[in-house]
Each structure stands twice: as C-alpha cells, then as structure tokens.
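Structure record follows, encoded as structure tokens.
The values are calculated or read from the model by the stated rules, or taken from the named source; none is laboratory data. If you're wondering where the values come from, they're calculated on a predicted model, not measured in any experiment. Positions of Cβ are backbone-derived with ideal geometry, glycine not excepted, and every protein chain shown enters the neighbour counts. Each accessible area value is taken on the protein alone, full model and side chains, heavy atoms only, with ligands, DNA and RNA left out. Shrake-Rupley method; radii C 1.70, N 1.55, O 1.52, S 1.80 Å.
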Amino acid sequence: MSSKLSTQTFHHYIGEKARIARAYDYLVLVLALFLFIGSFHLHFALTVGDWDFWVDWKDRQWWPLVTPLIGITFPAAVQAVMWSNFRLPLGATLCVACLSIGTWIARVFAYHYWNFFPINMVMPSTLLPSALVLDVILMMSNSLTITAIFGGSAFALLFYPSNWPIFGMFHLPIEAGNSQLTIADMFGFQYIRTGMPEYLRIIERGTLRTYGQIATPLSAFCSALLCTLMYTLWWHIGHWFATTRYLKKI
Amino acid sequence: MGTITDQIKIMTDQTKMPPWYLKDIYRYLSAFGVLTLIYIGFRIYQGAHGISSGLDSTDPAFEIYWMRLFNFNVTFITLFAGLSWGYLWFSRDKNLDTLEPKEEIRRYLTLTMWISVYTFAVYWAGSYFAEQDNSWHQVAIRDTPFTANHIIEFYFNFPMYIILGGCAWIYARTRLPLYAKGISLPLTLAVVGPFMILVSVGFNEWGHTFWFREEFFAAPIHYGFVIGVWFALGVGGILLQGVTRLIELLDEIEDAA
C-alpha cells in the first residue's frame, strides 16, 4: 500500500537553485581554504612556534605536550560549526590540512630558499592522523562528551607515534666535541640562529627526563588530559563566534 | 521531440557565461591575480635585496632599498583605503527596500567573494609572511623595527587585509538589506578582531625594543596577534547568516518561477 503524498510538498526542480547553491559552495570552499591557512597557521606559529619550526626543538617533553594541545583548538571550534549545522564531519581534517599547506609553503620558500636552512631542519610535524580520528569519533558518536574524552585523548596520543617515522632519525645519538648529542642538536649548533640562541631552547627541562624512556608517554598522556579540556573549551568558543546576531549599534 | 520556446530560453540562460549570480566572478579572479602578483613580487624583491642591503639599518643602501619601500607602502595603503572605502560608500544602494530577490542572491555571492579575497590577504599576512618573519630574524640582527620583512608584513600585508575586510563590511552594510537594518555581529568580529592584530604591532615592537630582543615565536609578546586571529572564527557566523537568508531567497525565486 502506498500513501498519497501532497504534490505541494515538492517543488518543481528547474536546476538553477542547485547551480546557485553549488556556486556558493565553491566560493565558500575557496574562502575557507585561505581563512584556515591564514588564521590557524598564525595561531599555531605564535603558540607552538619553535617546537614546530626546528628539528632540535622536537624533544620528548615539550613538543608532544604543546603541539596537540594548541593543535586541537581550531579543529574543535570548526567542528562545532560544521558538524552541528551542516553535519559535515571534516572540521578537524580541514583545519589541519590547511595548516600543513601553510607550514610547508613557508618552510620551503621562507626558510629554505630565502635563508638557506636545510629543509630537514625545518620540516613541520603532522597532525593529520590525529585530526582524521577526531573527525571520525565525532561522526560516529555525535557526542561532545565522547569526542572530548576519547577524541581529544586520541588526538594527543597519536601525535608522537605518527611523527616518529618522520623525525626519529634525527634523534640518533652522535658524539661531537667530546659530548653526546643528537643529530637534531647538531643541526642547531651548525646553523646559527641569531634570534633564537641556545639559552632560549626549551627542551628536556626539569626532572621528567629522569624517568628515561617513560618521559614521552608521560608527556603524551598529560597532553591527552589537557586536550579533553581544551577541546570542550574551543567547541564552545567556536559556537560563540558562530553567532547569527544582528546588533542595533556597536 | 520538439523543443518549446520556454525551454530554449532556459537553455540559453544556462549556457550564458558567467551566469547572472556570478556576475562579479571575473573581478573576483582578477583580485586574486593582482594580489598574487603583488605578494610574489614582494618575495622576489626580498630575495634580491634582503642579504645585500637589508641586514644593517645604518647602511645607506638600507635607506634606498628598504625605507623607500616603507614610504611607498604607507602612501599606497593610505590612498587605497580612501579610494576603496570611499567608492563603496558613495556608490551605495539607496533603495534597498525595493531590492529584487535575484539581485539580493547575486549580492550575497559577491559578498562571499569579498570575504574570500579578504581571507586570501589574511593567508599572506598570517601564514606566509608571518612565518617568514621568524626565518628572517634568525639571520639578521634586529637593529630596527623596520626590518626587511616587517616593512612588507606590518606596513603592507596587515593594512591590506584590514582594508579588504573593511570593504567586505561596507559592501554588506550598503548593499544587503539584513546587514543594513542591523549590524552583523559575526561579520564585525571577523573584521575588527584581526584589525587588532595591527594594533598589537605596537606592543610587539615596544617589547622587542625594550625588553626582549630575541625571536622566540611562542613568547607572550606575540599573544596579541594570537587573540586577534581567533576572531576570524566569526566567519562561521557569517556563513550561517548567509545560508539562512539564501534558503529564503532561493525559495522565493523558485515559487515565482
């Protein structure tokens, strides 16, 4: 048995409406691409900064703590808009892909070609696996709480293992000047940075390193805890900025 | 099977390039082209003269190659702001109450193009030349606020995206009924917040001059820039405002068809 539907429910499809919507989508896509390369990259560069710029800052303590903690901010805010309003589970991946594009262009043309830093010294880290998992957890759970706890934790915990194949080789020990150091340290000593001298390099500080090989997992789990809080905070920040209010005066 | 006159008209309208709702597409693409040429031109200039004359601000060559560029930038930016904002204001629509739905749709797409050009300028200022600042200050001794990258980043790129953001704001305020009746909070946040990044240059230069000469990017001296750029997230609200209104307008033209 088939039910009789009112023909007034459906409008005659003439095609133009779809073409206008499609044109608007493409314009928004281009807009979003440059918006997130520009804004997320600036935010990231001025907060994670040197931990992402230089290979000799990519240590076991601060790098896995700071990078996911700052890196989850814009993805959470954009997910809050894209998922809540459009059911698009791609906020985190969009932000992180844009960040990767921006950082790679800058590292190649601003660091390598202008000032001759070796590209191995300034390669950006990747957050793409973390972002993909964050998007999938939001899509599967449709829950802020579950995504904050499990997605936020996964975002932080996946960071170090997904970057290890890229940067592990620079952690190999060498002996130079009667000292044991890493190849990454050697890059820093060989390519002098006038604005970022050795006394400013914030790596492996405090007593956490006395735990030996456990230092990195401890930093990663600390970051995981903080990421669950940071995710929730930035989800609400994203919602707050996506207001549709019109004011009488400013 | 024959083709009736109405179908021919629709088919002709469909093949018209650009269609009525993308009337400004060529201006939009031209804006991208011109901005790309300018920014790549700046980068080539830096590559050509950065090392030879941009390392020492007391060198007479610095005055020729860099301070002249600074003076040119400031003059150009001032004129461009006056001309673009003035044009958009004086050519405003004074009969918004009688605006046809089709024309309003077209203007929403053009507003999206304005915001897109704005975000393209934000890319160059916030991404490429911002990180290049760190790179340059690792090879040059910072002996002036007007370094070879600052002259382009702070005195061209920052004002340029502010001007283009202002253009988007004025365009919406003068040509779209909802934006004329009330002041859009997300659009204002997305334009005024990043404007505060330019104001933060003052704190940045003061700090670098009197307190912290090194270039440590994650230092609190740079947090003014960071907070300013968060306001770019207001674009989410602009999108929601635009989509909501476009759905209404599209239904209106569909019902009228």
Rounded if a/c under 1.5, otherwise prolate or oblate - the stretch B:48-104, Cα gyration tensor axes: prolate
Peptide ranges B:70-77, B:90-97 listed from the most packed, as the mean C-beta count within 10 angstrom indicates: B:70-77, B:90-97
Protein accessible area in chain A, 1.4 Å probe - carbon and sulfur %: 68
Mean residue ellipticity (222 nm) of chain A, computed from DSSP H runs ≥ 4 via -39,500 (n - 2.57), nearest 500: -17500 deg cm²/dmol
Per-residue average of Cβ from other chains inside 10 Å of A:100-109: 3
Helical contribution to [θ] at 222 nm, DSSP H n ≥ 4, -39,500 (n - 2.57), averaged over chain B, rounded to 500: -22500 deg cm²/dmol
At 0.890 mPa s and 25 °C, Stokes diffusion of chain B via Kirkwood alpha-carbon radius, µm² per second: 118
Shielding by partners, peptide B:75-86 (average Cβ within 10 angstrom, other chains): 0
Rounded accessible area per residue of the protein assembly as shown, 1.4 Å, Å²: 46
Karplus 3J(HN,Hα) series, Hz, for the stretch B:200-217 with 6.51 cos²θ - 1.76 cosθ + 1.60 (x for Gly, Pro): 5, 4, x, 5, 4, 5, 4, x, 5, 7, 9, 9, 9, 7, 6, 10, 9, 5
Solvent accessible area, Å² - residue B:146, 1.4 Å probe, full protein context: 60
Whole-Å distance, taken between Cα centres, linking the stretch A:182-250 and the stretch B:117-171: 24
Under-5 Å amide H pairs with residue A:246, H placed in peptide plane, nonlocal only: B:185
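To the nearest 100 Å², how much accessible surface do chains B and A cover up together, summed over both, with a 1.4 Å probe? Please list the in-between numbers first.
Details: alone 14790 and 15330 Å², together 23550 Å².
So the total buried area for this chain pair works out to about 6600 Å².
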GNM result for chain B, Cα springs below 10 Å: residue of B:173, B:68, B:43 fluctuating most strongly: B:68
For A:186-199, mean number of other protein chain Cβ atoms within 10 Å: 3
Cα centre as origin, Lys/Arg/Asp/Glu Cβ charges: the stretch A:31-109 dipole, Debye: 220
Residue A:120 paired with residue B:196, simple spin-label distance in nm, labels 7 Å along Cα-to-beta-carbon: 4.4
Cα gyration tensor shape of chain A, rounded if a/c is under 1.5, else prolate or oblate by comparing a/b with b/c: prolate
Three-way shape call for the protein assembly as shown based on the alpha-carbon gyration tensor, with the a/c threshold at 1.5: oblate
Spatial separation of Cα centroids for the stretch B:198-257 and the stretch A:46-116, in angstrom: 17
